[in-house]
Amino acid sequence: MVVFVNATSGEVDVTLYAATSNGGRTLVIKKTDSSNTVNILRAGSETIDGATSLALYHQNESITLMSDNSNWFIV
């Protein structure tokens, strides 16, 4: 799944699906504007490549994540 995020009107938080019920799922998050930050937040106590959150700052910046059924990993 690909999620396009436009933060022109202000900072945007994107909360991930629970990794525990989405093993093998790939998720791409892409920031489409040149203004505010897009924050990628974990679900519950899961991690994103060991971190609790990530941020996209630049226009057209993207991140690809995959669930191992426990946590999300950057691929």
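The values are calculated or read from the model by the stated rules, or taken from the named source; none is laboratory data. From a predicted model like this one, the values you see are computed outputs, not experimental measurements. A quick note on method: Cβ atoms are made from the backbone with ideal geometry, for glycine too, and the neighbour counts reach across all protein chains shown. Heads up: the accessible areas ignore ligands, DNA and RNA and are worked out on the full protein's heavy atoms, side chains in. Shrake-Rupley method; radii C 1.70, N 1.55, O 1.52, S 1.80 Å.
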Q: Can you give me the number of residues within the stretch 43-72 that are surrounded by 12 or more Cβ atoms within 10 Å (Cβ to Cβ) and at pLDDT below 95?
A: 1
Q. Taking the condition farther than 13 Å from Ile63 by Cβ and not acidic (Asp, Glu), does Asn39 pass?
A. no
Q: Can you work out which of the residues in the stretch 15-41 that are open to solvent by 80 Å² or more (accessible area, probe 1.4 Å) and not β-branched (Val, Ile, Thr) is farthest from Ile74 (Cα to Cα)?
A: Ser34
**Q.** Residue tally, condition more than 14 Å from the chain's Cα centre (by Cα) and not acidic (Asp, Glu), over the stretch 23-43
**A.** 5
